[in-house]
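So the structure is just underneath, and the comments pick up after that.
Coordinate-derived values only; no laboratory data. Please read these numbers as outputs of a predicted model, since none were measured by experiment. Neighbour counts run over all protein chains shown; Cβ positions are idealised from the backbone, glycine included.
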Amino acid sequence: MKNILLAILSGILFAISWPTYGFPLFIFFAFVPLLFSEFQIRNSSAKWIKLKVFGHAYLSFFIWNLITTYWIYFSTPFGGIFAILANSLLMSTVFLLYHIVAKRTGFSAASAFFISIWMVFEKIHLNWDFSWPWLNLGNVFSEYISWVQWYEYTGTFGGTLWILLVNIAIFKTVLLFREFKDKGIIYRGILKAGLFILIPISISLLLYYSYEEPRDSIDVVILQPNINPYTEKYNTTDKRIGELLLELSQNSVTDSTDLVLAPETVFADGTQLPNFERSEAVFYGQQISSMKPDLSFLGGVSMFERFQNPDKVRKQSNQIRPNVNDWYDDYNSAFLVRNTLDSTQLYHKSKLVVGVENFPYQSLLKPILGDIMIDLGGTVAMKTTQENREVLRLNDSLGTAPIICYESVYGEYVTGYVNNGANFLSIITNDAWWGNTQGHKQHLSYARLRAVETRRYVARSANTGISAIINSRGDIIKSLGYEKQGTIKGKVGLSDEKTFYVKYGNYIPRIAQFLALFIFLFSVVKFKRKRPA
């Protein structure tokens, strides 16, 4: 029972650390009760030790996942239940691997393995088909952005490493005090943990308060049409949406406005890609961009391309009828219209929401699951992506990153836009799928991390969510609240400098994966040598 209570305590500490309601200081202690529980089980004479370690870990991580991401359920009950149960399972498996290594090695090697394997897990969660990095540890500081200004050098993996190191240091203090009963160990442990926490925060505060605004900027108008996706969005014609966007723009565009930004799939009629230049989306984009010279319009559109040529079929193509060459590619796209150009610039969303936008391991799972998918806010088909992080250009020397919804959760992914020449980040999204919960609040909060990592301003347009302007140190300068229709007007700073993180990406987990593999192999070989013949 004592170990169960320790597991529950860890789960609660994780949950009360999380944005946007929590206080991240608790994350530095969150693993300690669970680690101590594992230590006691490992050194007991109980049966089924591995199962008990796994069960206690699952309890902790289930509490964490449930409290922080319950809101997925409001989009789809099946998706919410699956995401919480599956992610808890994956986290528990990682912890079980730590237990296996800890039985075979000393404290230092086991601790290094735990830190490394957890970062490997987070890296995998950024890249595989079941990608769900929402609870990657480094995200926890998104509401306390002044603590992690050094993310411009490390990305969120620097935060993950920081959290794990402090937890291990505190855990070591607990074990030493348990063995020697010396209060001096507690005092030294508190001092050590305090320095581990305060020194990085102090460095960050120096960066935060020495921050200088970019010298160049543009004027942006951000539209928030507030169209309910369940009752209005897909029952409203593109013509009516275009008229609403035009009306909002006319009330806000001034002689100095350079860009009008509209949300993800704001045009949702399902335009055919070959006819896109003659679509309502482009027509109203042109109407808005023609309101003044050198004005650009950037918005989201849902498109598809139907074809019968089997040579055009890609991995993400959707077959309309079985055993018939009748296919279509479905796109969730961003487009930019400039009144000085005849053609329209396009980008297709390429980091997809698990489930409706991306059926994970389709050839394996579809025969088992059929069309049951995890709908976290997409539409109804497998989306088709593109290889490169394309930058949409307002003019020859000025480009923006057309980041669509879920893509804004991926740090290294966003650096691809910056490396391709983006001077600021544009995020277009639709966050009403989860209702007025932590979902849309966390999504906005994570965008602040991208601003720090890239040192780029963020202009964010949410259909129903929170639209905002975020500066390049992660502060929200202006915002428009949930379920409010209107616009934001403001200046967005421009930069062409590349941070260390933009240049080198997630180098920390790349190092960690080699360390984790080495320690694991070492522990296995060492264990076999120690076993009697």
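Among bridges DSSP assigns within the chain, what percent are antiparallel (round to 5)? List each step's numbers first, then the result.
Details: 36 of 58 bridges.
Counting DSSP beta bridges with both partners in the chain, the antiparallel share is about 60 percent.
Taking amide H positions as modeled 1.01 Å from N, with prolines and chain starts lacking one, the residues under 5 Å from D269 and 5 or more places away or on another chain are D238, S302.
Please compute the volume of the convex hull spanned by the alpha-carbon atoms of the range 1-78 and report it per residue in Å³.
Cα convex hull per residue, to the nearest whole number: 87 Å³.
What the Kirkwood sum gives for the range 424-533 is a hydrodynamic radius of 16.9 Å, with every pair of different alpha carbons counted. Neighbour counting of Cβ atoms within 10 Å sorts the residues L89, L191, fewest neighbours leading, into L191, L89. Extending 7 Å from Cα along the Cβ direction at K292 and again at T340 yields two label points whose distance is 1.5 nm. Residue separation of Q272 and F23 scaled by 0.36 nm, minus their Cα-Cα distance, works out to 84.9 nm of gained length.
Sorting T20, T454, T173 by the number of Cβ atoms found within 10 Å of their own Cβ, with the fewest placed first, yields T20, T173, T454. A Förster distance of 45 Å, applied to the separation of the beta-carbon atoms of D326 and E243, puts the FRET efficiency at 0.85.
As an exercise, use a Förster radius of 45 Å and the Cβ-Cβ distance of F283 and I81 to find the FRET efficiency, rounded to the nearest 0.05. Efficiency computed from Cβ-Cβ geometry: 0.60.
As an equivalent ellipsoid, the range 48-183 spans semi-axes of 27, 21, 14 angstrom, where each value is the square root of five times an eigenvalue of the C-alpha gyration tensor, largest first.
Going from the fewest other Cβ atoms within 10 Å to the most, the residues W162, W48 appear in the order W48, W162.
What net charge is computed for the residues neighbouring K292, neighbours being all others with C-beta under 11 Å from the C-beta of K292, Lys and Arg scored +1, Asp and Glu -1?
Charge balance in the 11 Å sphere: -4.
Hydrophobic, long helices, defined as DSSP H runs whose alpha-carbon span along the helix axis is 27 Å or greater and whose mean Kyte-Doolittle value is at least 0.0, occur in the chain at 49-69, 77-102, 107-127, 156-180, 183-209, 507-530.
When the pairs K292/K484; K292/K491; K123/K351 are compared against a 19 Å limit on Cα-Cα distance, K292/K484 fall above it. Projected onto planes of every orientation and averaged, the convex hull of the alpha-carbon atoms in the range 275-365 covers 7.3 nm².
Taking the Cα of I49, stepping 7 Å toward and past its beta carbon, and measuring to each backbone N in the range 101-115: which are under 18 Å? Correct set: 101-111, 114. Taking the three principal axes of the alpha carbon atoms in the chain, the coordinate ranges are 77, 61, 36 Å, sorted in descending order. Full extension of the chain between L206 and I190 yields a length gain of 3.4 nm, computed as 0.36 nm times the residue separation minus the alpha carbon distance. Computed over the range 32-76, the quotient of the alpha carbon radius of gyration and 2.2 N^0.38 Å is 1.51.
P(r) tail, the range 300-345: Cα-Cα pairs separated by more than 18 Å, 44% of all pairs. Pairs spanning more than 22 Å between alpha-carbon atoms, out of K103/K192; K2/K172; K312/K383: K103/K192. Taking the Cα centre of the range 394-533 as reference, the dipole from Cβ charges on Lys and Arg (+1) and Asp and Glu (-1) amounts to some 900 debye.
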